[in-house]
Amino acid sequence: MKSIPKYVELMKWLESAIINGDLAAGERLPSENELGDRFSISRQTVRQATSILESRGLLERRRGSGTYVKYSAENQIALPHLVKTIGVVTTYLNEYIFPAIIKGIDDILVANNYFVQLSLTYNKMEREADVLSKLLAQKAEGLIIEPAKTGLPNTNKKIYRQITQASIPCVFINASYPDMDIPCVAMDDYACGQAAIEHLIKCGHKKIGGLFKLDDMQGRLRYAGCVDALHKHQMNFVENSLIWYTTEDRNEEFMRYFGDRILKINNCCTAMVCYNDQISREIVRVLYSNGKKVPEDISLVSFDDSNFEFQMEFGFGLTTFRHPKEELGRVAASMLLKLIKGEPVKSIKFPPELIGRTSVKRII
């Protein structure tokens with residue numbers, strides 16, 4: 001399991017000390033250098049943690065003096081927003097698309113005087129159960145959850161029933177469990193899969209392979225959209241040209257297991273649909289280390305339009321579908337606020353938005 005990011009570790013330590021009264025209102029924090037030495041982190045990382053707590057009203061920075069505790073148990077009445085907690089649960093935090101999603105959520109909730117408590121599951125069902133149980137015990141005002149392993153049976157139905165019975169408003173982001181009556185804000189992954197195939201066919205590709213994630217619903221929906229689009233054109237994925245992987249495969253150096261199969265797909269296909277940009281980069285590294293080039297030897301279409309610099313690293317731009325990121329976070333937070341007010345809401349799917357770059361070669 002990946003360790004918790006250092007700035008999150010410091011942030012949680014400070015939160016706990018402040019809420020528990022170990023750091024009293026008006027008390028000056030140790031200097032950034034002192035906190036950095038204590039947690040073996042840089043001053044920049046310390047500043048990252050304290051800035052987030054400052055934005056939430058727990059700390060205040062005084063020019064030329066230092067950073068001070070603003071919150072205390074005694075001034076909860078004067079600062080009532082500090083005790084209105086929203087639990088935000090995501091699989092990861094400090095990588096890929098997640099910082100932007102969290103920022104979008106945080107912008108809306110903090111502006112509406114809510115304290116945001118972040119928790120990570122690392123896409124583990126057991127950890128999700130533990131996190132949700134603690135948030136339930138804390139009587140959070142609402143929850144925004146990126147559920148873990150939505151492509152597999154939901155083993156946390158009991159805790160979700162308890163959340164429902166406690167009348168805690170809840171919104172899913174990125175994916176949902178099919179049997180849960182909880183609104184979700186996500187990309188339209190099925191439609192994105194369809195659009196990916198349509199784009200490749202329009203560019204003349206008929207021999208297409210794919211790589212998808214098995215234990216998350218995004219991967220299953222993107223695959224289903226691809227298959228239906230292929231069938232529309234009386235086509236299928238090329239035989240033996242599909243790779244399915246799971247969270248554990250990715251954590252155990254994915255390419256060590258699937259590198260040979262990626263090269264075989266390159267030999268029998270002209271194009272490949274990739275689960276997301278993060279995996280696309282690993283695929284390209286395998287191809288390039290074996291003397292293959294994109295799009296000369298194989299074309300790639302991906303998902304999420306992350307900030308990976310493919311042009312700088314590999315010499316081409318990745319054709320991909322935009323993930324709304326910050327916008328998705330803001331919409332999810334706004335939806336949760338409506339639920340808290342008792343207003344009706346409906347799930348929202350962002351339609352496909354293809355960002356065409358140079359990783360797809362026209363062969364007609």
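The values are calculated or read from the model by the stated rules, or taken from the named source; none is laboratory data. Treat the numbers as computed from the prediction; the structure is a model and nothing was measured. A quick note on method: Cβ atoms are made from the backbone with ideal geometry, for glycine too, and the neighbour counts reach across all protein chains shown. Only protein heavy atoms, including side chains, enter the accessible area calculation; ligands, DNA and RNA are left aside. Shrake-Rupley method; radii C 1.70, N 1.55, O 1.52, S 1.80 Å.
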task = Consider Gly291 carefully, then state whether it is in a loop (DSSP other than H, G, I, E, B) and either free of Cβ contacts under 8 Å to residues at least 12 places away in the same chain or open to solvent by 40 Å² or more (accessible area, probe 1.4 Å) (or both).
result = yes
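Do the conditions hold for Arg161, that is, is it open to solvent by 30 Å² or more (accessible area, probe 1.4 Å) and more than 26 Å from Gly259 (Cα to Cα)? Please lay out each step first, then the result.
Numbers: open to solvent by 30 Å² or more (accessible area, probe 1.4 Å): yes; more than 26 Å from Gly259 (Cα to Cα): yes.
Yes: the conditions hold for Arg161.
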note = Subset of the range 124-140, residues surrounded by fewer than 23 Cβ atoms within 10 Å (Cβ to Cβ), within 22 Å of the chain's Cα centre (by Cα) and part of a loop (DSSP other than H, G, I, E, B), comes to Lys124
Pair list, Cβ under 6 Å, 6 or more apart: the range 149-160 residue among the small types (Gly, Ala, Ser), other residue surrounded by 13 or more Cβ atoms within 10 Å (Cβ to Cβ) and part of a loop (DSSP other than H, G, I, E, B) = Gly151/Leu214; Gly151/Asp215; Gly151/Asp216
ask   = In the range 28-67, how many are exposed (fewer than 13 other Cβ atoms within 10 Å of the Cβ) and under 23 Å from Val116 (Cβ atoms)?
value = 1
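Taking the stated definitions as given, is Ser302 under 20 Å from the mean Cα position of the chain (by Cα) and modelled with pLDDT under 95? Break it down into steps so the answer makes sense when it comes.
Values: under 20 Å from the mean Cα position of the chain (by Cα): yes; modelled with pLDDT under 95: no.
Here the answer is no, as Ser302 does not meet what is asked.
Go through the range 194-221 residue by residue and tally those that are open to solvent by less than 10 Å² (accessible area, probe 1.4 Å), assigned to a helix (DSSP H, G or I) and closer than 15 Å to Ile279 by Cβ.
So in the range 194-221, the residues open to solvent by less than 10 Å² (accessible area, probe 1.4 Å) come out as 196-197, 200, 203, 205, 208-212, 215, 219.
From what's left, assigned to a helix (DSSP H, G or I): 196-197, 200, 219.
Filter once more, so that each one left must be closer than 15 Å to Ile279 by Cβ: 196, 219.
Residues meeting the conditions: 2.
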inquiry  = I'd like to know if the range 297-312 contains one or more residues that are open to solvent by less than 30 Å² (accessible area, probe 1.4 Å), free of Cβ contacts under 8 Å to residues at least 60 places away in the same chain, in contact with a Gly (Cβ under 6 Å, 6 or more places away or on another chain) and in a loop (DSSP other than H, G, I, E, B).
reply    = no
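Return the residues of the range 103-123 that are part of a helix (DSSP H, G or I) and either of a type in the set (Asp, Glu) or open to solvent by 20 Å² or more (accessible area, probe 1.4 Å) (or both); say none if nothing qualifies. Steps first, please.
Keep residues of the range 103-123 that are part of a helix (DSSP H, G or I), which gives 103-111.
Correct list: Lys103, Asp106, Asp107, Ile108, Val110, Ala111.
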task = Identify all residues within the range 193-245 that are more than 18 Å from Thr319 (Cβ to Cβ), of a type in the set (D, E, K, R) and touching a residue at least 40 places away in the same chain (Cβ under 8 Å); write none if there are none.
result = Lys213, Asp215, Asp216, Arg220
